[in-house]
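These notes concern the structure reproduced below.
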Amino acid sequence: MTHSDGHPDGHSGADTDQDRGWDKDGDEGRDAGQHESRGEGRGEGRREGPGGSRYLLENRQTEAGERFDAFATLFDPTTFRHFEGLGVGPGWRCWEVGAGGTSVVSWLAERVGPTGTVVATDIDTSLVAGAARPPVEVRVHDVGAEEPPGEGFDLVHARLVLVHVPDRERALRSMIKALRPGGRLLLEDADPALQPLLCPDEHGPAEELANRLRRGFRRLLADRGADLSYGRRLPRLLREAGLRQVEADAYFPVTSPACTALESATVRQIRARLVTAGLATDEEIDQHLANVASGTMDLTTAPMISAWGTKP
């Protein structure tokens with residue numbers, strides 16, 4: 001990351017939200033502050049969830065590539081703008097944490113050039129392995145459980161990652177440890193609790209169904225340890241960790257073809273889990289996917305909050 005979510009249902013044969021075990025006002029009160037963000041995440045720290053269930057959105061699933069393409073379209077311009085503002089240039093040593101796909105790694109590689117280094121890590125490197133040529137090094141690594149893959153980095157960056165890492169505090173310490181004095185840390189994560197709806201303009205049955213399925217998605221994420229209000233805490237966490245010159249901003253796409261593509265891929269990827277958990281029926285998911293494919297809905301994502309600071 002990047003990405004997240006009443007009224008009684010109104011669709012044929014469907015249960016109400018309370019019948020399914022989640023309140024119609026969403027799960028902000030219980031989930032926010034207890035767990036951490038949503039399922040737009042990319043990379044590291046993907047561990048077993050309660051009852052041994054696997055990470056919700058695995059890199060090796062068929063839809064993962066579609067999701068990463070959508071992330072790149074939605075969030076790369078913001079990420080690259082921050083890289084430029086931080087002065088990333090020739091000779092820099094960069095650590096891309098939870099790399100996921102190749103778009104960010106490729107941008108960094110071009111910018112640092114042959115005299116620089118880009119270390120791209122993930123616990124599943126299947127989608128970034130193709131970028132493994134100088135100046136890029138690809139390594140299997142768990143940022144929440146292992147020592148950093150080096151030190152003296154000019155830049156450490158993680159996008160839509162920490163919200164999925166069980167030991168986020170350790171991960172943050174590790175990333176700061178890896179920086180040289182004067183090095184820059186850029187963290188970007190979603191905050192679904194700030195804007196929990198897929199369709200903020202909930203004006204009809206299709207939008208109502210979309211928002212209800214988004215609540216189901218968020219429930220699955222929370223059950224696996226995602227913090228639905230993590231993004232907003234990033235500036236404070238960076239200051240408390242001792243970084244200087246901390247700043248932050250947010251990007252919030254209201255509607256775009258990439259939002260539509262992301263929603264379609266995500267729902268197809270988690271379909272079986274939604275049904276098994278009793279959060280949706282196959283018929284409802286079919287209807288929702290058809291609604292999404294119609295191109296008549298304004299679909300959004302959670303805001304992605306970017307925070308950055310300098311190691312003293």
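Consider a paramagnetic label point 7 Å from the Cα of S256 along Cα→Cβ; state which residues of segment 73-98 have an amide N under 11 Å from it. Within reach of a label on S256, which here means backbone N under 11 Å from a point 7 Å along Cα→Cβ, segment 73-98 contributes 73-79. The protection proxy used here, the mean number of other Cβ atoms lying within 10 Å of each residue, ranks peptides 218-228, 295-305, 128-138 as follows, highest first: 218-228, 295-305, 128-138. Ranked by the mean number of other Cβ atoms within 10 Å per residue, highest first, peptides 191-199, 66-74, 80-88 order as 191-199, 66-74, 80-88.
In this calculation the C-beta distance from S126 to R180 is compared with R0 = 25 Å, giving a FRET efficiency of 0.25. Fully extending the segment from D69 to A290, taken as 0.36 nm per residue of separation minus the present Cα-Cα distance, adds 77.5 nm.
Rounded to a whole number, what % of the accessible area of segment 172-237 do carbon and sulfur atoms account for, probe 1.4 Å? Answer for segment 172-237: carbon and sulfur cover 55 percent of the accessible area. For segment 52-198, the square roots of the Cα gyration tensor eigenvalues, ordered a ≥ b ≥ c, give a/c below 1.5, which places it in the rounded category.
Every Cα-Cα pair in segment 151-263 was counted, and those over 26 Å apart are 31% of them.
With 10 Å bins beginning at zero, the pair-distance distribution over Cα atoms of segment 83-143 amounts to 27, 55, 18, 0 %. Label segment 249-312 by shape, choosing from rounded, prolate and oblate, from the square roots a ≥ b ≥ c of the eigenvalues of the Cα gyration tensor; if a/c is under 1.5 it is rounded, and otherwise prolate applies when a/b is larger than b/c, oblate when it is not. Verdict is oblate for segment 249-312.
Distance between the pseudo-spin-label points of H203 and R244 (7 Å out from Cα toward the beta carbon): 5.2 nm.
The values are calculated or read from the model by the stated rules, or taken from the named source; none is laboratory data. These figures come from a predicted structure and were not determined experimentally. A quick note on method: Cβ atoms are made from the backbone with ideal geometry, for glycine too, and the neighbour counts reach across all protein chains shown. Ligands, DNA and RNA are excluded from the accessible area calculation, which covers all protein heavy atoms including side chains. Shrake-Rupley method; radii C 1.70, N 1.55, O 1.52, S 1.80 Å.
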